[in-house]
Ligand code: GLU
C-alpha cells in the first residue's frame, strides 16, 4: 500500500480560526481564537488520506502581518521542506492578506514540494462554514503529486489558485478569491484537477531564497483618486521608503499636478512604479507617461500589493532600473 503523504499544517490565525457568538454570525465574530489543533479537529476525515501534523506559529489577523512575520513563516516552511519526511505544507491564514503572504512564499521558497495557503470567509462556528472543506481540500492538494512544482497555491471555494494571480475581491462572499486568468484547477470530491500551469517564474526559478533574507527595504503604496493631494506623495516618499507603488487611475495615468512630486521622489532615489487601481489589466510602459525619460517603472499586470513585495525583494538585490523593469516582466 502507498504511504500517506505527510503534511505539516501551520496555524497563523484568521477567520478559519475564528468563533462567532452564534451560528448566524457570519460577518461579526472573533478572529484567531481557535488553536490549529481545534481547527483540525473539525475535519477527522483527513486522517484517511494524509498523515497530518500541526504547529501553531502565530495567532494573528492577517491585517497585522509585517515583513518580519513573512520572514518568520517563510523560514519555518523552508526548514520543514528540507526534511525528507515532509511531503507538503498547508498554512492556515486570515484572508485579508493571504494573497500577499502566498506571493512572498511563491517568490522565495526553493522547493518543488506543494505549499498551500488556505483561509475561510466564515468562522467554523457559522452556518455553512467554508473553513472545514477549504482546509480538507488544501491538505489534499498539498498531498497530491499533481501539485508539485506549481509554486505556492491558494485553495478556496473548491478552486486552486496560483499565488501570483489570486486576489481577495469581496469582504464577505465565499467566492471572494479570483485570478484574472482563472484558477489553475478545481478540487472535486477531494481530487485536485489542474487545467493550466503558471507561466511566470516562481519558487525554484527565482533569484530569491528566504533562508538568505534577514530584512527587506520598505516600499509604500499611494492610492490615486480624482483630486489627489501631492502632499500625500511627498510625505510617503519622505518616510524612509526605497520604492513607491503609485496605484494610478486606469492604465497608470498620473494627474498632471502630482507628476512633479513623483519626479522629486525619484531624484531623491525612490523607485517609482506605475500600477493601476482597477484590479486588472496591463500598465503600458511609456504609454500614459514617458517612463524612459523619468526613469520610472511599470508593473506589467501586477496588483499594487504584490508589486510592492516584488519591488522589496528586487531592491534587496540592489538592482538598476532596467533590471528592475525586467523583473516585473519576468515574475
Ligand atoms: N482579520 C481577518 C484576517 O485575518 C479577517 C479575514 C479572514 O480571515 O477572513 O485577515
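General remarks:
- Odd one out for residue 101, checked against (1) more than 14 Å from the ligand (Cβ to nearest atom); (2) closer than 24 Å to residue 279 by Cβ: (1)
- Within the set 258, 298, 254, the sole residue that is closer than 30 Å to residue 109 by Cβ and crowded, with 20+ Cβ neighbours inside 10 Å turns out to be 298.
- Taking region 66-94 as the range and being part of a loop (DSSP other than H, G, I, E, B), within 16 Å of the ligand (Cβ to nearest atom) and more than 21 Å from residue 19 (Cβ to Cβ) as the test, only 66 passes.
- Strands (runs of 3 or more DSSP E) wholly inside region 118-191 that include at least 1 residues being within 14 Å of the ligand (Cβ to nearest atom): 153-156
- Test: residue 54 is over 21 Å from residue 305 (Cα atoms) and outside any strand (DSSP E or B): no
- A residue that is within 21 Å of residue 307 (Cβ to Cβ), at pLDDT 95 or above and assigned to a strand (DSSP E or B) occurs nowhere in region 210-217.
- Selection status of residue 285, under 21 Å from residue 218 (Cα atoms), touching a strand residue (DSSP E or B) at 6+ places or on another chain (Cβ under 6 Å) and modelled with pLDDT of 95 or more: no
- Number of residues in region 213-233 that are surrounded by 16 or more Cβ atoms within 10 Å (Cβ to Cβ) and under 23 Å from residue 315 (Cα atoms): the value is 8.
- From 95, 66, residue being surrounded by fewer than 20 Cβ atoms within 10 Å (Cβ to Cβ) and within 30 Å of residue 316 (Cβ to Cβ): 66
- Considering residues of region 31-51 that are in contact (Cβ under 8 Å) with a residue 24 or more places away in the chain and not in a loop (DSSP other than H, G, I, E, B) only, the residue farthest from residue 81 (Cα to Cα): 45
- Failed criterion for residue 10 (all others in (1) away from the ligand (no atom under 16 Å from the Cβ); (2) not in a loop (DSSP other than H, G, I, E, B) hold): (1)
- Against the test of being within 16 Å of the ligand (Cβ to nearest atom) and at negative phi, the options 30, 5, 54, 48 yield a single qualifying residue, 30.
Conditions (1) in contact with a helix residue (DSSP H, G or I) (Cβ under 8 Å, 6 or more places away or on another chain); (2) part of a helix (DSSP H, G or I); (3) under 27 Å from residue 213 (Cα atoms); (4) touching a residue at least 24 places away in the same chain (Cβ under 8 Å), marked per residue:
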residue: 248; (1), (2), (3), (4): no, no, no, yes
residue: 251; (1), (2), (3), (4): no, no, no, yes
residue: 260; (1), (2), (3), (4): yes, yes, no, yes
residue: 279; (1), (2), (3), (4): no, no, no, yes
residue: 289; (1), (2), (3), (4): yes, no, no, yes
residue: 305; (1), (2), (3), (4): yes, yes, yes, yes
residue: 311; (1), (2), (3), (4): yes, yes, yes, yes
residue: 319; (1), (2), (3), (4): yes, no, yes, no
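- Residue list for region 7-39, filter: closer than 10 Å to residue 125 by Cβ and within 22 Å of the chain's Cα centre (by Cα): 18
The values are calculated or read from the model by the stated rules, or taken from the named source; none is laboratory data. All of these numbers come straight from a predicted model, not from anything done at the bench. For neighbour counting, all protein chains shown are included, and Cβ atoms are generated from backbone atoms with ideal geometry for every residue, glycine included.
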